[in-house]
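The values are calculated or read from the model by the stated rules, or taken from the named source; none is laboratory data. Computed from a prediction, not measured in an experiment: that's the story for all the values here. Cβ placement follows ideal geometry from the backbone for every residue including glycine, while neighbour counts extend to all protein chains displayed.
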Amino acid sequence: MRFALLLLLLSSMTSEAGAGPYDGRYRPDHPSGDSWDCKNIGKEKGAVLLTSNIFFALGSRCTLRDPVGVSGMDATLYDAICRADGEPWQRRIMIMRTDTGIAVVQKGARISLLRKCG
């Protein structure tokens, strides 16, 4: 459930034009993610897409704004402005590069690991 909420958060983000540092298609980085489809975006068990600081997931879109690099880490802190079935909402999140993709850290120390689609 927390992972689905995170995907919704991430998928609601938008930003300025140009390539973002974490651009790509992702799926959960755990065994259940092996059955996810990396070709389809925004569908049940479809890939999560991060492009130009816009994150798309099932039923949501997030805009990542005001990026701040995290000293000593390959990570960026963002203000995420999201929309998913209703009013927009906002949250601070950090995206960090991992060996297999990215980790997304949000309020409450919730961490979601996403593997880059190959």
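Anything in region 90-118 that is assigned to a strand (DSSP E or B), touching a residue at least 40 places away in the same chain (Cβ under 8 Å) and among the polar types (S, T, N, Q)? List them, or say none. Even if it seems obvious, please write down each step before you answer.
First pass over region 90-118, keeping only residues assigned to a strand (DSSP E or B): 90-97, 101-106, 110-116.
Now restrict to residues that are touching a residue at least 40 places away in the same chain (Cβ under 8 Å): 91, 93, 95, 97, 101-102, 104, 106, 110, 112-116.
Passing the criteria: 106, 112.
Taking the criterion of being out of contact with any Lys or Arg (no Cβ under 6 Å at 6 or more places or on another chain) and not β-branched (Val, Ile, Thr), the residues of region 108-117 that qualify are 108, 109, 112, 113, 114, 116. Listed here are the strands (runs of 3 or more DSSP E) enclosed by region 28-89 that have at least 3 residues being small (Gly, Ala, Ser), touching a residue at least 40 places away in the same chain (Cβ under 8 Å) and more than 17 Å from residue 114 (Cβ to Cβ), and there are none. Taken across region 60-74, residues that are of a type outside the set (Val, Ile, Thr), in contact with a strand residue (DSSP E or B) (Cβ under 9 Å, 6 or more places away or on another chain) and at pLDDT below 85 do occur, with at least one present. Of the residues in region 10-23, at least one is outside any helix (DSSP H, G or I), modelled with pLDDT of 90 or more and surrounded by 13 or more Cβ atoms within 10 Å (Cβ to Cβ).
Among the residues that make up region 38-46, is at least one of them in contact with a helix residue (DSSP H, G or I) (Cβ under 9 Å, 6 or more places away or on another chain) and not aliphatic (A, V, I, L, M)? Full working, then the answer.
Taking region 38-46 and keeping what is in contact with a helix residue (DSSP H, G or I) (Cβ under 9 Å, 6 or more places away or on another chain), we get 45.
Subsequent filtering for residues that are not aliphatic (A, V, I, L, M) retains 45.
Yes, region 38-46 contains at least one residue that is in contact with a helix residue (DSSP H, G or I) (Cβ under 9 Å, 6 or more places away or on another chain) and not aliphatic (A, V, I, L, M).
Yes or no, residue by residue, for (1) under 18 Å from residue 29 (Cα atoms); (2) of a type in the set (Gly, Ala, Ser); (3) buried (at least 20 other Cβ atoms within 10 Å of the Cβ):
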| site | (1), (2), (3) |
| --- | --- |
| 41 | yes, no, no |
| 50 | yes, no, yes |
| 53 | no, no, yes |
| 68 | no, no, no |
| 71 | no, yes, no |
| 77 | no, no, no |
| 82 | no, no, yes |
| 85 | no, no, no |
| 94 | yes, no, no |
